[in-house]
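K.L.:
Dropping a structure here in structure tokens format, bear with me for questions.
The values are calculated or read from the model by the stated rules, or taken from the named source; none is laboratory data. All values derive from a computational prediction rather than experimental measurement. Note that each Cβ is placed from the backbone with ideal geometry, even for glycine, and that neighbours are counted across all protein chains shown. Side chains included, ligands, DNA and RNA excluded: accessible areas come from the protein's heavy atoms. Shrake-Rupley method; radii C 1.70, N 1.55, O 1.52, S 1.80 Å.
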Amino acid sequence: MSGSSSSSSSSSSSSSGSDDDSVQIASVGGKRKMDTSSASTPISAFIKVKVAPSNPEYDPVVVSFPRGIPSSIADEDSNATPPTFTTSKFKESSSRGRRIKGEDDHCTYSAAAAGRGHDGRLSKTYVCIFDKKKNTLKLVPSAEKGTVFALDQSVKEYSPAVANENSTMGGQDSNISASDRVKMLVDSFGSKKKQKVMDSRAANKVNVHSVVGGGNFVPENVKGSASNVDAQEASYEQARRDLLPPFDADTDAPGKVYNAQALMGEVAWNKVSGIVNRKLRDLKEQGGDSGETLCEMLVGKSHCPKSIKALMGSITPSGTGSPYRFKVAFFLYLIMRFYNKIDRRGFLRGKTVDDCINECHIPHETGVKIFDLFTTPIEGKEDGFLLSRNQKTKMYIYCLILFITASSKDMTVPNITPLCKDLRLDDKLAAAYLREAGFQVKKNSAGHIGVKLSTPVVFPPPRRGKRS
């Protein structure tokens with residue numbers, strides 16, 4: 001499908017090309033002393049350059065392999081069969097556009113271009129064919145007006161080298177989860193950076209056995225053993241843990257119920273800690289001890305939500321436990337920055353999560369955690385990540401709890417209204433979310449919503465929704 005271009009010597013005089021069949025003369029170089037001792041054929045001083053006109057029916061299709069060239073092509077000694085490709089129209093009703101499909105022994109490849117009605121690009125892809133005998137160089141434009149088709153690669157089937165019947169893919173893969181499929185695919189074909197991201201996601205998973213108060217009710221219910229836990233209560237408990245951050249309901253200290261470090265995960269926490277600790281050292285070297293100054297050093301003077309600015313300004317950097325509170329507040333700021341970017345349309349377009357993270361202008365390690373918590377990949381013609389209604393509710397709850405954690409050690413805040421305004425969240429909804437998280441919520445005569453968390457945590461019973 002794709003042609004390989006041959007390189008020629010540098011020319012000393014340039015020539016303008018056109019879409020018509022035309023012959024260009026390019027000088028190869030100056031005079032060269034001939035080796036009289038050998039009977040070699042003299043090298044011509046000119047190369048004829050021919051630019052072929054565009055022919056959609058016969059133009060070569062140029063493809064690229066972003067995830068790596070197949071071994072059947074890259075390895076000359078490989079016995080594998082190179083991939084074969086077929087082309088078809090992008091739409092049956094239109095002559096523009098083209099769809100590419102290919103496969104080899106192990107993988108399938110696909111790419112598409114919708115076609116261009118008006119093309120003003122300054123650079124295009126041409127396939128160069130050099131004829132040594134005739135000393136001519138022919139330039140042929142690639143299909144779809146010089147487009148390079150980037151191929152999406154997927155694996156037909158994969159059998160990992162593990163002695164586990166539930167991990168067999170290809171015909172009997174009903175017992176394996178989608179996340180495990182992705183992990184095995186990345187382990188086999190992904191880059192080291194992607195593998196690190198997958199390892200960090202696996203490390204951030206919360207095991208029910210490691211949560212105090214979690215008990216063994218999930219394995220007992222799955223195995224069908226005798227249990228006093230009501231099935232409905234167990235489902236409510238599981239739904240609560242899916243919506244709320246990791247919590248310890250049996251602790252005796254309010255500040256230990258919700259752990260911000262467990263919420264962020266090890267990789268994101270280390271990144272946030274490194275940034276905050278570095279700014280704290282810089283502030284100490286300058287002889288300052290102001291939370292407002294540190295806030296400007298972390299997030300800048302402009303585009304900072306008022307609630308975050310007031311929160312960091314109320315913390316004394318040299319105080320006990322202040323670094324932890326600054327780290328929580330800074331992570332909350334990064335979530336709000338992500339939300340302000342995605343809330344315009346409810347989704348972000350990008351082929352990979354890295355593209356969307358760069359669009360939000362947040363650190364990569366924290367961005368991976370934020371997108372993992374609050375978005376779902378979009379499947380279809382256009383890639384991207386979606387913030388659903390349930391994930392938006394989950395993000396609100398996380399932001400509210402992070403704000404309370406950074407505000408006070410005893411999880412008591414007299415007013416959360418400024419944060420609700422920055423999040424564009426209704427006060428009544430915020431109060432309802434916090435009650436579901438075990439907080440006590442009261443609204444005073446001034447309209448300020450105060451919250452408090454007491455131990456042991458008592459979650460409200462489930463309520464029936466209103467009939468529509």
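K.L.:
For segment 374-399 and segment 416-449, what is the separation of their C-alpha centers, rounded to whole Å?
P.N.:
Measuring centre to centre over Cα atoms gives 23 Å.
K.L.:
Run through segment 281-317 and list the trypsin sites (Lys or Arg not before Pro) located in a DSSP loop whose Cβ has at most 12 other Cβ atoms within 10 Å.
P.N.:
301
K.L.:
Within the set 50/134; 306/327; 256/442; 193/306; 271/309; 309/452, which residue pairs have Cα atoms separated by over 24 Å?
P.N.:
193/306
K.L.:
Please give the FRET efficiency for residue 388 paired with residue 128, using the beta carbon to beta carbon distance and R0 = 41 Å, rounded to the nearest 0.05. It would help to have the intermediate numbers written out before the result.
P.N.:
Numbers: r = 49 Å, r/R0 = 1.19.
Calculated value: 0.25.
K.L.:
As a test of reading the structure, rank 389, 96, 241, 349 by solvent-accessible area (1.4 Å probe, protein chains only), most first.
P.N.:
Details: 389 205, 96 130, 241 50, 349 90 Å².
Greatest to least solvent exposure: 389, 96, 349, 241.
K.L.:
At a 1.4 Å probe, what is the % contribution of carbon and sulfur to the accessible area of segment 299-373?
P.N.:
49 percent
K.L.:
Can you work out the PRE-style zone for residue 306? Point 7 Å along Cα to Cβ, and I want the residues of segment 380-422 with backbone N under 18 Å.
P.N.:
Within reach of a label on residue 306, which here means backbone N under 18 Å from a point 7 Å along Cα→Cβ, segment 380-422 contributes 414-422.
K.L.:
Also: Label-point separation (nm) for residue 236 and residue 50, each offset 7 Å from Cα along Cα-to-Cβ?
P.N.:
Distance between the two pseudo-spin positions: 8.2 nm.
K.L.:
While we're on this one: Over segment 227-268, with every protein chain in place, what whole percent of the accessible area is carbon and sulfur at 1.4 Å, could you tell me? If you can, show how the numbers build up before the last one.
P.N.:
On the way: 1020 of 2230 Å².
With neighbouring chains kept in place, the figure for segment 227-268 is 46 percent.
K.L.:
Ok, one more. Using 1/(1 + (r/R0)^6) with R0 = 25 angstrom and r between the beta carbons of residue 409 and residue 177, what's the FRET efficiency to the nearest 0.05?
P.N.:
After rounding to 0.05, the efficiency reads 0.05.
K.L.:
Next up: Below 17 Å, Cα to Cα, which lysines can residue 192 reach? Residues fewer than 8 away in the same chain don't count.
P.N.:
By straight Cα distance, residue 192 reaches 183.
K.L.:
Counting Lys +1, Arg +1, Asp -1, Glu -1, what net charge surrounds residue 431 among other residues with beta carbon under 13 Å of its beta carbon?
P.N.:
Around residue 431, the surrounding residues sum to +2.
K.L.:
With a point put 7 Å past each Cα toward its Cβ, work out how far residue 86 is from residue 73 in nm, to one decimal.
P.N.:
Each label point is offset 7 Å from its Cα along the Cβ direction, giving 1.9 nm.
K.L.:
Follow-up question, since we're still on this one. I need the GluC sites (Glu not before Pro) found in segment 371-468, filtered to DSSP loop residues with at most 10 other beta carbons within 10 Å of theirs.
P.N.:
Here the sparse-neighbourhood loop sites are 379, 382.
K.L.:
Provide 308, 73 ordered by accessible surface of protein heavy atoms (probe 1.4 Å), highest first.
P.N.:
So the residues, ranked largest to smallest area, are 73, 308.
K.L.:
Count the net charge of all other residues whose Cβ sits under 9 Å from the Cβ of residue 87, scoring Lys and Arg as +1 and Asp and Glu as -1. All intermediate terms of the calculation are to be shown ahead of the outcome.
P.N.:
On the way: positive: 89, 98, 99, 101; negative: none.
Once all neighbours under 9 Å are counted, the net charge is +4.
K.L.:
Roughly what would the spin-label model give for residue 320 and residue 364, points 7 Å off Cα along C-beta, in nm?
P.N.:
Here the answer is 4.0 nm between the modelled labels.
K.L.:
Quick check: net charge around residue 384, other residues with Cβ under 14 Å of its Cβ, Lys/Arg +1 and Asp/Glu -1?
P.N.:
For residues surrounding residue 384, the net value is 0.
K.L.:
If I take R0 = 51 Å and measure r between the Cβ atoms of residue 424 and residue 93 in this structure, what FRET efficiency does the formula 1/(1 + (r/R0)^6) give, to the nearest 0.05?
P.N.:
Efficiency for this residue pair is about 0.75.
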